Every structure is written in C-alpha cells, then in structure tokens.
Amino acid sequence: MSIAYFNGAYLPLEEVRISPLDRGFLFGDSVYEVIPSYAGEFFLLTEHLERLQRSLAAVRIRNPYDAGAWSALLAELLACNADPATPDLGVYLQVTRGVAPRDHAFPANAQPTILAMVSPIRPLPDRIRTEGVAAITGEDRRWGHCDIKATTLLANVLARQSATEQGAAEAILLRDGQLTEGAASNVLLVLDGQLVTPPLEPSVLPGVTRSRVLDLARELGYPVAERPVSENELAQAAEIWLTSSTREILPVTRLDERAVGGGRPGPVWQAVHTAYQNAKPGAPASEPMQSGGAV
Ligand SMILES: Cc1ncc(COP(=O)(O)O)c(C=O)c1O
C-alpha cells in the first residue's frame, strides 16, 4: 500500500479523505506537478518546484511551503515508499485553494489543501523502443492558459480518450492549423535538418522534460528551433517525439494511421534518448556523447 502526504501527515493513500467542499473537487481550482525520481533521487526537482510556484502565483493560491520545505517533505515521501521492486517513482503533487462553502469567488480564509502521492515509473518497454507508439491529431479545445499546470483537464481527458479508443498513445493537438502540444506531453519534431518544437506560449505547458531534452540535443550538436509548427509540417516530419516527466521521450512512429519517417524510432531519438537516460540519477557511467550535426 503506498503512502501519501496529506495536509501535514504521511498516511496510507486509501486513508486520505478529501472534503466535498474542497475547491479542487468542486471547481478544479488547483494546480499540480508530476516529479520523477530514480533510485530514490529526484530528477530536475528545482525546475518542477519553480513551475509549481509559477502556477500557484498565476491562479493566486498561496504557496504553502518554500523550496527547502517542499524538498524535505517530498524526500520523506520517497523514503516512506522505498521499495526495491519499484525504484523509480513519480510524485504527483496537488495544491488546491482549500475547503470553503461553494461560491465561485475566492474564499477569505481557506487553507490550501496539499496532497502528494507516488506511482511507479517503468522502464521503456522493448516493443516501444523498437517500434515506437501511435498518435492521433485532434482539435485543441482547451482554455487560453495551458501554460499553467492546472488540474482543470477535461479537454485533455477527452482528447486522450479519443486516442485510447483509436489504439493510440497520445492525441497531438492543433489550434488554427498550428501544433500546440499533446494531451499530456510536449511535441518535438525532426524536420528539415532541425529539431523543432512550438515556442513557449500560453497554449503550451513549459515542460521540464522538453527543456532538458532541448538542452541535451544542443549539447549533442543538433540544431534546435523553437518556432510555430503547421499541421502540414507535422505530417512531413522525419521523427516525432512526445516528452513528459513520466513517459520521458516517446518516439511516435504512426500519426493518424500513416507512418512517420521510416515507421521506426529515428536516429536522432536514439541519440537524445540515450543522453537522457545517462542524465538521470543513478545512471551507469555514460558512454561518450555521440556527436550530432544536421539532422
Ligand atoms: C499538457 C501537458 N504538456 C506537457 C507536459 C510535459 O511536461 P513535463 O515534461 O514537465 O512533465 C505535460 C505533462 O504531464 C502535460 O500534461
């Protein structure tokens, strides 16, 4: 049974009780983070805590802790859940505006509700490493502040469900003919000799993995461009990747039933995926970096 952190206490997840008047439940009035850990050590924790602070500030919820207190609390949560069978854990962390009589306007004195819980991160299955995953495209019907990591995710849920029903791992979203991101991931493409991804705008979550992957690609010598990507360019890409903290870098090899590039995970994905694995805590001593060049 996994242990959760709930409003100051560590307890079995099943024993957590959330009020029906919690604004996270009633309005989706809350923000969240998902933070990966490997072999008991967090990966990119500072970046996740900075984004949490930005999300909280954007919706005007008081951050209950500073970075040091968050780090200690989350380290304790990992220790409570230490299990050699599942060495790699993702921490889901949610902060709501708190419990108050139902009214849309902010309550005067609510205390933020804090929940953190863990789930295993599994290594990439061999089948995906060799064959990749399928994705579909869909209309981006989300609100105008997707740069805030809010729990109000109904449009994302519906998009992912469409993908699941079509046997795909993700829905890649388009707004006015332009790529935004995935239902729960950022999207990167290898296109005309460059690694390309949409710029950070309100329609895109500033993914922590996205940022690390772009840095690794630059270090490997691949040209990187953050610029708008059209639906047509998406269809022409030699490689398409999805990035997120728990799925890491997934190669998309079928988009809307058509093969992407050669229909197999591409060489740039291979190189950047290897660099990402080597950058994670607990990684074995890394191989020398393969040089990149034009892609
Ligand atoms: C909509 C959306 N975009 C992008 C991401 C990737 O963000 P990160 O790499 O920080 O996990 C996520 C992660 O869940 C997401 O939900």
Could you grab me the full set of residues in region 126-149 that are over 28 Å from Gln236 (Cβ atoms) and without any contact (Cβ under 8 Å) to a residue 24 or more places away in the chain? Asp126, Trp143
Can you pull out every residue in region 206-233 that is within 16 Å of the ligand (Cβ to nearest atom) and either in contact (Cβ under 8 Å) with a residue 40 or more places away in the chain or touching a Pro at 6+ places or on another chain (Cβ under 6 Å) (or both)? Pro206, Val208, Thr209, Ser211, Arg212, Val213, Leu216, Ala217, Glu226, Val229
Among residues belonging to region 116-141 that are of a type in the set (Gly, Ala, Ser) and closer than 26 Å to Glu14 by Cβ, point out the one that is nearest to the ligand (Cβ to nearest atom). Ser119
Quick check: is even one residue across region 84-98 hydrophobic (A, V, I, L, M, F, W, C), assigned to a strand (DSSP E or B) and within 11 Å of the ligand (Cβ to nearest atom)? no
The residue that is farthest from Gln270 (Cα to Cα), considering only those in region 180-205 that are surrounded by fewer than 16 Cβ atoms within 10 Å (Cβ to Cβ) and within 16 Å of the ligand (Cβ to nearest atom), is Pro202
Residues that are modelled with pLDDT of 95 or more and part of a strand (DSSP E or B): does region 205-224 have at least one? yes
Gly144 being away from the ligand (no atom under 12 Å from the Cβ), outside any strand (DSSP E or B) and closer than 30 Å to Phe25 by Cβ: yes
Selection over region 1-40 where residues are surrounded by fewer than 15 Cβ atoms within 10 Å (Cβ to Cβ), within 20 Å of Thr209 (Cα to Cα) and of a type outside the set (A, V, I, L, M) yields a count of 0
Does region 14-32 hold any residues that are over 14 Å from Pro112 (Cα atoms) and touching a Phe, Trp or Tyr at 6+ places or on another chain (Cβ under 9 Å), and which are they? Glu15, Val16, Arg17
Residues being under 15 Å from Ala183 (Cβ atoms) and touching a Ser or Thr at 6+ places or on another chain (Cβ under 7 Å) - total across region 236-254: 5
If we ask which residues in region 47-71 are closer than 19 Å to Ala108 by Cβ and part of a helix (DSSP H, G or I), their number turns out to be 2
Looking only at region 133-154, count every residue that is touching a strand residue (DSSP E or B) at 6+ places or on another chain (Cβ under 7 Å), more than 29 Å from Trp269 (Cβ to Cβ) and polar (S, T, N, Q) and tell me the total. 1
Tell me yes or no: at least one residue of region 155-168 is within 13 Å of the ligand (Cβ to nearest atom) and touching a helix residue (DSSP H, G or I) at 6+ places or on another chain (Cβ under 6 Å). no
Please verify whether Ala171 is closer than 25 Å to Asp88 by Cβ, within 14 Å of the ligand (Cβ to nearest atom) and either part of a helix (DSSP H, G or I) or not aromatic (Phe, Trp, Tyr) (or both), treating the condition exactly as stated. no
I'd like to know if region 72-81 contains one or more residues that are in the same structural domain as Ser37 (by TED's automatic domain parsing), touching a residue at least 60 places away in the same chain (Cβ under 8 Å), assigned to a loop (DSSP other than H, G, I, E, B) and loosely packed, with under 12 Cβ neighbours inside 10 Å. no
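The values are calculated or read from the model by the stated rules, or taken from the named source; none is laboratory data. This one's a predicted model, so the numbers in the text were calculated from it and none came from an experiment. Cβ coordinates were reconstructed from backbone atoms using ideal geometry, including for glycine residues, and neighbour counts include every protein chain displayed.
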